[in-house]
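See structure below.
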Amino acid sequence: MPYTAPLMGRLPDHLPDAGTSTPVPASTTPSLRIAIVAANTFEHDSRLLRTGRALAADGHRVTLLAFAAPGLPDREDLGGGLEVRRLAVDRRVTAAFAPLPAPLRRAAARLLGFPPDATSLPPAAASGLDRLRAPLRRAVEIAAHQRRVGPWRDAVLAAVPHADAYHCKALIALPVVAGAAARAGARHAYDLADLHTEAARLARMPAVVRALVRRRERGWVRRAALLSAVSPGVAREAARRFGVPEPVVVLNCPPAWRSDEPGLPSSDRIRSAAGIPPERPVILYQGGFSVDRGIEELVLALDEPPLRDLGATVVLLGYGRLRERLVEEAARRPGSLVVLDAVPPSELLEWTASADLGYVGQPGRTLNQRLNLANKLFESIMAGVPVLVAEGTEHCRVVAAEGLGACAPIEPRALARVAAGLLSRPPDERIALRRHCRSVALERYTWERQQAGLVGAYRRLAVAVARGASPAPWPGWDAEGPQAPDLRDPHLEAEQRP
């Protein structure tokens, strides 16, 4: 039986408060020059944006370095001492074929079955004879990543040559920041937003390849001067596998939104944009359109009687490699499936608040998915929207403990049944649940509370730099600062380790 959270669940006594710290007071410690390296174009990266703003507000000079892309400015002033610079780095998979001339690179790409200008491999699963080419495509993509490190590192150093710390949250950027820090005589910081070797396509690579990547990641992690993690489970697993003190936990929570306004926020942004009538309940998935996030199962759940009879509409708000396929699915289901482009982070909660149910998905197929905590969970409840999450995950434990919605197996029939059950509750119960979600978010899961650990760790690093101390590895989180809650099942991680 899938777990359905109680309507107004009270926290059990053994569950510590989440982010009990108050917003960080103004710093009197020295400031740092910090270069945050994004492994993307920095259009939708809310975690790095919040990190940059928190550190800039604490007096540090922060530059966000992203990839250049057509239609995006090379420089952006985000205010508050925060600047974005976009670097011209060749991200094409065909970079692996250098120094072959361009015509031969394009021919090799076509031979292996991917577009010559692709920056990532197509999401479609290989079938038939194409399965023979799939491992070669993946090997070429890995080679392209390897070749990119040096030019990317040099571009980072050219943009911010005298940083005190180079910071990233993506494994593919870790050798870049580690290399830049080594050349500049600086430090590097690593935010474990994922257990990358246990996530996505890398989790399905041969064991020998994953072991090699983990070994290299371990070396970079052990030399990092500052470590943070997206959840308590990821922090503990990082400490276990890399032999380091536990990173400081910084949950992926949004800033407190409309905290001075009583009641539930009112919005019709989704219904207006998609032409959804008021009688149709809206189930919202927001974020990246990638495989293994449960999106395909949610689409198929629309064909199951509970949701079909209810007349629900699933809205997919975001971006990513699956978009084209999802648009095709929406054309087959007019009125019941809508795909909308991603919106700026500053506008996102206004859109989220117009949904009736937030779908987090994230089936626990990998260790990363079982231990991670996605920002869409906290964004949904901040907007007063209950959530549907996967069983057997950190998401489910938070939802169960806090009474924020329901957990279900990520398969179409179960999703349809549990989602319809939540959406079919009497109106007064649904409103009460929405109020409860928003209350919990404002009281316990705000970025203002969560940033305290990260800001405190950077303050200690600033003191070390000011004293002229040699670069040293992460010393661990001291007992004086607040730490994120222990939301784990004490038996789960030992059972789920590979």
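The values are calculated or read from the model by the stated rules, or taken from the named source; none is laboratory data. This structure is a prediction, so every number in the text was calculated from the model and none was measured. Backbone-built Cβ (ideal geometry, glycine too); neighbour counts: all protein chains shown.
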I want to confirm something. Restricting to the range 136-154 and keeping residues that are more than 25 Å from the chain's Cα centre (by Cα) and crowded, with 18+ Cβ neighbours inside 10 Å, which single residue is farthest from Ile172 (Cα to Cα)? Arg137
Residue among Arg240, Arg183 that alone is outside the structural domain of Ser346 (by TED's automatic domain parsing), touching a helix residue (DSSP H, G or I) at 6+ places or on another chain (Cβ under 8 Å), in a helix (DSSP H, G or I) and not acidic (Asp, Glu): Arg183
Search result, residues across the range 283-309 that are assigned to a helix (DSSP H, G or I) and surrounded by 17 or more Cβ atoms within 10 Å (Cβ to Cβ): Ile295, Glu296, Glu297, Leu298, Val299, Ala301, Pro306, Leu307
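Each row is one residue, and each column tells you yes or no for (1) over 22 Å from the mean Cα position of the chain (by Cα); (2) under 23 Å from Glu83 (Cα atoms).
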{"residue": "Ser127", "(1), (2)": "yes, no"}
{"residue": "Ala134", "(1), (2)": "yes, no"}
{"residue": "His162", "(1), (2)": "yes, yes"}
{"residue": "Tyr166", "(1), (2)": "no, yes"}
Among Val385, Val398, which is the only one that is in a helix (DSSP H, G or I), buried (at least 23 other Cβ atoms within 10 Å of the Cβ) and in contact (Cβ under 8 Å) with a residue 60 or more places away in the chain? Val398
Could you say whether any residue in the range 207-218 is closer than 17 Å to Ala229 by Cα, of a type in the set (Lys, Arg) and at pLDDT 90 or above? yes
Which of the residues spanning the range 426-459 are over 22 Å from Glu379 (Cα atoms) and either in contact (Cβ under 8 Å) with a residue 12 or more places away in the chain or in contact with a Cys (Cβ under 9 Å, 6 or more places away or on another chain) (or both)? Gly456, Ala457, Tyr458, Arg459
